[in-house]
1. Write down the Å³ per residue value for the convex hull defined by the alpha carbon atoms of chain A.
2. Could you tell me, in Å, what Rg and Dmax come out for the Cα atoms of the stretch A:385-514?
3. Can you pull the Rg over Rh of the stretch B:1-101, Cα-only, Kirkwood?
4. Step through the residues of the stretch A:325-335 one at a time and calculate ³J(HN,Hα) from phi using the Karplus curve (6.51 cos²θ - 1.76 cosθ + 1.60, θ = phi - 60°), rounding each to whole Hz and writing x for Gly and Pro.
5. Evaluate peptide A:198-207: per residue, the Cβ atoms of other protein chains within 10 Å of its Cβ; return the mean as an integer.
6. In 5 Å bins starting at 0, how do the alpha-carbon pair distances of the stretch A:1-130 split up by percent?
7. What does the extension gain come out to for A:ARG77 and A:SER810, with contour length at 0.36 nm per residue minus their alpha carbon separation?
8. For a quick check: with amide H placed at 1.01 Å from N, whose amide H comes under 5 Å from B:MET232's, ignoring anything fewer than 5 positions away on the same chain?
Amino acid sequence: MTVTSKEGQEVAKADLVTLTIDGVEVSVPKGTLVIRAAEQIGVQIPRFCDHPLLAPVGACRQCLVEVALPGPDGEPRTMMGPPGRVKPQASCTLTASEGMVVNTQISSPIADKAQQGVMEALLINHPLDCPVCDKGGECPLQNQAMSNGRGETRFVETKRTFPKPINISAQVLLDRERCVLCARCTRFSEQIAGDPFIALIERGALQQVGIYEKEPFESYFSGNTIQICPVGALTSAAYRFRARPFDLVSTPSVAEHDACGSAIRVDHRRGKVVRRLSGEDPAVNEEWITDKDRFGFTYARQDDRLTHPMVRDEETGELRTASWPEAFVVAARGLQAAGATGVLTGGRLTLEDAYAYSKFARVALGTNDVDFRARAHSAEEEAFLASTVAGTGLGVTFEDLEKVGTVVLAGLEPEDEAGTLFLRLRKAARKGLKVVSIAPFTSRGLAKMHGTLIRTAPGDEAAALEALAHDGEVALDAGGILLIGERLAAVPGALSAAAALAGTTGARLAWVPRRAGDRGAVDAGLLPSLLPGGRPVDDAAARVDLGTVWGTTVGHEPGRDAAGIVAAAIAGEIGGLVVGGVDPDDTADPAATRAAIGAASFVVSLELRATDVTQAADVVLPVAAAAEKAGTFVTWEGRQRPFGKVLVESHALPDLRVLAGIADELGTPLGFKTVEAARAELSELGGWDGDRVAAPTVSTGSTTRESSTTDGDGLRLATWKQMIDDASMLDGDDYLRATGRAAVALVSAGTLAGLGVEAGANVTVTGPGGSATLPVGVADLADGVVWLPAGSDGINVNRDLGATAGATVSVEGGAA
Amino acid sequence: MTDTLTPVLSDNWDAERSWTLDSYADGGGYDALKTALGMEPGALIDLVKDSGLRGRGGAGFPTGMKWGFIPQDNPNPKYLVVNADESEPGTCKDIPLMMASPHTLVEGVIISAYAIRANHAFIYVRGEVLHVIRRLQRAVQEAYLAGHLGKDIHGSGYDLELVVHAGAGAYICGEETALLDSLEGRRGQPRLRPPFPAVAGLYASPTVINNVESIASVPSIVRNGASWFGSMGTEKSKGMTLYSLSGHVTRPGQYEAPLGITLRQLLDLAGGVREGHELKFWTPGGSSTPILTAEHLDVPLDYEGVGAAGSMLGTKALQVFDETTCVVRAVLRWTEFYKHESCGKCTPCREGTWWLVQTLARLEKGQGTEADLETLLDQCDNILGRSFCALGDGATSPITSSIQYFRDEYVAHFEHGGCPFDPAKSTLFAPAGAHA
């Protein structure tokens, strides 16, 4: 467990209190609880309900200690209770004070007996099913019963039993008879996640964790309750009865599902990940992770996982298995023959892999046609990333969010798109942070942060940002932070307005992308105008800087961006494509992306699993999943989060090794074949201290859009991806997927009235490329705007409607 | 020290329709309110301090001192909450008081709220006593109509809103912080202290919580003065109070007498233990107070006297048991009550009461040995002073005290292979003259 209160800062002497614990004098910061002061001298007082990140409750009484306070004469007086008896105190609720004398179970027979009494009481109704309990072997109750309990029970009567287990969600199961009613899970849900859908009900020994039947325990963070449960009462459907903790190997790692870089612990056995837990990192995720980070790991072992290289057989035209050397040769020859080649990668690469793609494009293919943005993007965004983000190192941090007065969110829904960031914002908001969101409606996440909505139809974000400069209510100044989501790339002028707003108000700005590899890709130069470390392509000094390390020259013309590469491939200007982990349906124009892959004369695909791209590719090269390689993710803060290879027996090759193999055959070696070597070269390259690209100054275009949110008869489309949706990286855990929020089209009450249907009825949303039918709901949207989840319940907005955020769609009651 | 009854609170209980405003006013009701409104609030607090009035809910904390703890510089509103969740086994004083003379309480509330500068007061009544709730609601309505409640009471510029709130029937809600949670609409479970209610109570605002009888005593103190009140009772336990006699007694009921009277005197007034029987054991203040025996007949029933005898004055609920009663059986019934009412928040009380019941049930059937008594006492030792609130402490009182005085009777169960008593003989419908 971690103590985050003082962040390791030196504490002034006046802020310390000195007390004596078991005869040892210790000074701790004012406000420190006795149970934690004891940890400072290495004394562990047993506990169940206590958790350093939850408010004290004092319910389990396991941490009783004998306490004396100095009287008027300075002599310590033992705290007494019912007539004439020493009253041991709960050390988890008692604040250390000057001159206090604490005697724990080590030095006080009274405290020791009190603890043994509580432990005996906890065990009378606890089943002796440790041999089949998931918690057995890592159970605080089991461990502390051994260290602080009686050897033999005196309870010979009948234990309380309950039917077992019951589902409190699709993923989380509750064995009520194992529960010690510490209320950690209910307090987590209320205090941390803000999803109080579980609560204690009934009383006495029949008290139990219950659910509110009309509201399911639908939380993106429910898995944390399992991890902090001090007994085996809460288990996950995914892990229940799968393993014994002492058979597992635990390896620390970093979560690959979003740009937060949460510390995780990966438990694996015989080369297979069995479960993932939250790691502890006070600076990043404290002790919490999202359910996606916890349960989303089975994607790497689905049936469609690629295991061998494949090349397209010249005679049959079918893909056939090939050896690595053959595949490298075929890929190299094909690319040479194809002529001009573009490189498209997704946002899931490690920093090292991204660097390899960046160098591969420039050195082996001799092109700047490289882009990681498999989503809506713009030249304005590229300028924004080059000027404000690339290679800037650690900027705004998670901890900074707790120190400022105001945070403005724009184009970002943290609960869906960066769950760990959401938890930190909510924590800060509970302590007084003002959260303001430029968004189409008050999302559940915003409500849980007690945030203020600046209701903004998609497309109008730039104007909203400009207006903030003069907003007396928000009063943004140097004590504020702007968190800008990647979705603003699709809104002309928005990123320019954000940069300008930061400039005029002094507020700090951070760009929060959705994916784990996005920030690393920016830093590694996976952009047509940007080289590694934020070096501009068109800056001669930057090219020289890079050429010194690379030993080669780099093209000085900025290349095509992802949309440009797609268009050029369709037009036949580009013959070859190297595609690394791109799902065409994620791109702004899925049809065009598919067409480009079809049109290209030679396609090399680096992939985990069979996709539309691998089926169309000429060479398919399987690559390692996150657990099968070392690497580094760069968080939205700019923090490097290196991790080692978890599944050490895996022979899967990281992207950079595969690219090095092709580069060798092309006769232009990358110069590294391992993650370590790539890391070393990145480090040798260092940062860029030369001129940066200027921030973009695209006009908002608000004059054209301001007129009305209703464009003709249609509605303006707002959309983003929910955290738990149809994403392929959630494949394989149906329990997890079942905890996702159902797809609902949200409109204003006024718009709903115009549709002539009730909330909950089906509506059909039609865009330029097709339509989708789903239930309708009401939110505080502006009239004339409809919100859809971008990829839930089988509906992919890009693919099925042919529309992206800001587009005009029509909505009609009933199914199509 | 006087040995006569001193009816003050119960003085008007025999009046015609004593619960009406007219009847109460005929006896000088609400005169004290007018006096109080002419005084400075601080002077009222001093008056109650000087009177020596101590909380009648069981703990005996000085009422005036409690009022003085309210931080008057706190910007939040201040609240007065009357604890009318009378649920302690044997205790039956507040409910008769509210039935017979609800206006005594209402007048006390207005004066007390004025003293602590509260503009909002609540009476939290246990939900089962619907007849009492209706009487209180009517009394409050009458008080509003008469201008005793509401805006600018009798031209004083003082405003007070009074709400009668019905609880949902949980013993724990008599614990003051659980009561506050319940009043706020949550599950009634005791709160962590500090912060204490005087600083952050109802809706995190300064709150005074007093027992019905304490508040109902305030008008008489205003009317007659602190020295009048102090002339009754003993040195540290001043004033009159309601003693509730129940069980094997000829005339059970409320006996209002000065603090310090003895059970022997009260039994004389009540016609003694039921005819043909003799006193075996009794509780001084409900089941949570350790039982006493015939040897304690002359213990002065004030806070100090009962404390010196190893028990607590509690709610002055004197449950009287004669020699037909099996103490093991009685203790088991009480313990079942605590098990049923344990709120479940803390381990010692929740699991401990569950275990105590099972152990006692076994012992009552004679399935035990003297070693079980040691285990039972050790269980109590692990609950007393280890639980979150006093409910757990109270649950151990009947067990430890009964083993202290009647260990032989427990042993007799083991030797007899079951209960040696005829339970029918202890019932009040048993034929007169029946013997154990």
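1. Spread over its residues, the Cα hull of chain A gives 185 Å³ apiece.
2. In Å, with Rg to one decimal and Dmax whole: 13.1, 35.
3. 0.99
4. Taking θ as phi minus 60°, the curve returns x, 5, 4, 4, 5, 4, 4, 5, 5, x, 5 Hz for the stretch A:325-335.
5. Taking the mean over all residues of the peptide, I get 6.
6. For the stretch A:1-130, the binned pair fractions read 2, 10, 19, 22, 20, 13, 7, 4, 2, 1, 0 percent.
7. 256.3 nm
8. Amide H neighbours of B:MET232: B:GLY239.
Since every read-out is calculated from the coordinates, none of them should be taken as a lab result. Small disclaimer: the values here were computed from a predicted structure and weren't measured. Virtual Cβ from ideal backbone geometry, glycine too; neighbours counted across all protein chains shown.
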